[in-house]
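The block underneath contains the structure these notes are about, expressed in structure tokens.
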Amino acid sequence: MKGNVIVGQSGGPTAAINSSLAGVYRTAIDRGAPKVYGMRHGIEGLLDENYIDLSEHIQSDLDVELLKRTPAAYLGSCRYKLPEIHESIETYEKIFGILDKLNIECFIYIGGNDSMDTIKKLSDYAILKGHPTKFLGVPKTIDNDLALTDHTPGYGSAAKYIGTSVKEIIQDSNALVYNKGLVTIVEIMGRNAGWLTGSAALSRGEDCNGPDLIYLPELAFDIDDFLARVRALLEQKAFVVVAVSEGIRLSDGRYVCELTDGIDFVDAFGHKQLTGTANYLARRLSQEIGCKTRSIELSSMQRAASHLASRIDILEAFQVGGAAVKAADEGDTGEMVILTRLSDDPYQSTTDLRNVHKVSNVEKTVPREWINEDGTYVTEEFINYVRPLIQGDVSPVMVDGIPRYLYHKNK
């Protein structure tokens with residue numbers, strides 16, 4: 001590579017996103033890039049000319065390994081929606097002026113659906129103007145809802161954390177007995193896709209029966225049916241554990257969480273902040289059945305738990321980052337790196353490219369045939385799909401009994 005590389009991170013962080021950053025940096029350096037810049041807070045930071053020289057932060061193989069094990073977005077993230085080209089040509093002129101000043105040959109963006117929208121717009125503008133910079137997308141989202149890729153880096157580690165946490169919650173619920181029973185509702189991220197919520201079934205094994213009910217957002221949620229099922233379960237056992245997606249909706253399209261005090265925050269892409277589903281359902285159960293209830297929101301812990309990262313996930317995240325640099329160096333642009341599954345046993349995958357126009361703003365949801373007939377659990381096909389992605393462990397670098405992360409030494 002004769003020109004420089006710039007890389008940014010966007011959207012919700014994951015336990016694996018920095019492994020993709022490490023893959024970009026290591027591959028760019030190996031291919032001869034003079035400099036690798038990092039955008040601070042994605043495209044929004046770039047517009048403010050806020051960027052760093054990554055060689056000042058990654059100075060050894062140990063730093064690379066620390067970065068791979070560091071949760072959240074090392075460069076900082078954003079949820080910034082680029083305007084359409086015809087709406088603000090000045091924005092694009094500013095961005096490309098900065099890229100020219102930095103002699104950028106390759107622009108890489110690590111993110112999900114909305115981030116691929118950014119790559120699409122920038123690559124379209126480059127083609128329109130005959131600009132030589134290459135634009136590549138690297139997949140990232142714990143929600144696993146990116147189209148055309150078998151799965152997304154970040155999902156495997158989050159699924160591993162959820163399966164583990166739900167198993168621990170079940171163990172805890174089994175320890176105490178209450179007169180009218182105990183119901184624990186675990187609220188899991190994912191918005192309109194149930195990949196994360198379905199991974200609660202990974203807790204099931206010879207030592208654990210798994211959650212009693214799993215509700216995904218792909219199917220309409222019936223509150224009365226839910227209350228009746230829980231009531232029937234409490235007649236048979238002392239405790240019930242239910243996994244629900246934050247994005248479950250009623251038949252009229254309303255999110256269940258909208259039955260609470262409302263949703264105030266909406267991001268730049270029009271996404272409502274979904275929270276309160278478990279709390280609402282727990283209150284309804286307590287009022288109508290009189291049982292003891294607990295509501296648990298796993299919240300950001302799902303994407304920040306690098307101490308439970310999947311080895312497969314970390315390796316693949318590094319791999320897709322490197323593949324993006326390789327593709328740009330070989331002349332590709334306007335593409336997103338995807339993962340293609342070659343086999344389950346032994347698990348093998350490889351990388352490929354797909355046109356970003358076919359990926360951006362398209363949600364991949366759980367197939368109906370991977371949800372049981374009455375919509376209260378996932379099938380064995382779902383479990384067989386996700387189980388290979390959670391295999392292996394990545395040991396944190398421990399200092400004084402606590403994991404050590406790569407940090408910005410100039411802060």
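The values are calculated or read from the model by the stated rules, or taken from the named source; none is laboratory data. As the structure is a prediction and not an experimental result, all values here were calculated from the model. Note that each Cβ is placed from the backbone with ideal geometry, even for glycine, and that neighbours are counted across all protein chains shown. These accessible areas exclude ligands, DNA and RNA; they are computed on the full protein's heavy atoms, side chains included. Shrake-Rupley method; radii C 1.70, N 1.55, O 1.52, S 1.80 Å.
Numbers for the structure displayed
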{"read-out": "Yes/no for E49 being closer than 23 Å to P139 by Cβ and modelled with pLDDT of 95 or more", "value": "no"}
{"read-out": "Any hit, the stretch 296-309, residues being of a type outside the set (D, E), at pLDDT below 95, in a loop (DSSP other than H, G, I, E, B) and out of contact with any helix residue (DSSP H, G or I) (no Cβ under 8 Å at 6 or more places or on another chain)", "value": "yes"}
{"read-out": "Answer residue from the stretch 76-95, given it is of a type in the set (A, V, I, L, M, F, W, C) and either open to solvent by less than 10 Å² (accessible area, probe 1.4 Å) or assigned to a loop (DSSP other than H, G, I, E, B) (or both) and is nearest to L21 (Cα to Cα) among those", "value": "C78"}
{"read-out": "Positions within the stretch 269-290 being aliphatic (A, V, I, L, M) and either open to solvent by 60 Å² or more (accessible area, probe 1.4 Å) or at pLDDT 75 or above (or both), in sequence order", "value": "A278, L281, A282, L285, I289"}
{"read-out": "Test: residue in the stretch 366-381 that is open to solvent by 30 Å² or more (accessible area, probe 1.4 Å) and assigned to a strand (DSSP E or B)", "value": "no"}
{"read-out": "Top-ranked residue of the stretch 187-239 - restricted to ones that are touching a residue at least 60 places away in the same chain (Cβ under 8 Å) and of a type in the set (D, E), ranked as least open to solvent (accessible area, probe 1.4 Å)", "value": "E187"}
{"read-out": "The stretch 382-396: number of residues that are open to solvent by 50 Å² or more (accessible area, probe 1.4 Å) and modelled with pLDDT of 95 or more", "value": "4"}
{"read-out": "Some residue of the stretch 88-98 being touching a strand residue (DSSP E or B) at 6+ places or on another chain (Cβ under 7 Å) and not acidic (D, E)", "value": "no"}
{"read-out": "Selected residue (only one of N355, N361, N384, N372 is free of Cβ contacts under 8 Å to residues at least 40 places away in the same chain and under 22 Å from the mean Cα position of the chain (by Cα))", "value": "N355"}
{"read-out": "Residue within the stretch 45-59 that is touching an Asp or Glu at 6+ places or on another chain (Cβ under 6 Å) and either in a loop (DSSP other than H, G, I, E, B) or free of Cβ contacts under 8 Å to residues at least 60 places away in the same chain (or both) present", "value": "no"}
{"read-out": "From the options M1, M39, residue that is of a type in the set (A, V, I, L, M), over 10 Å from A73 (Cα atoms) and open to solvent by 10 Å² or more (accessible area, probe 1.4 Å)", "value": "M1"}
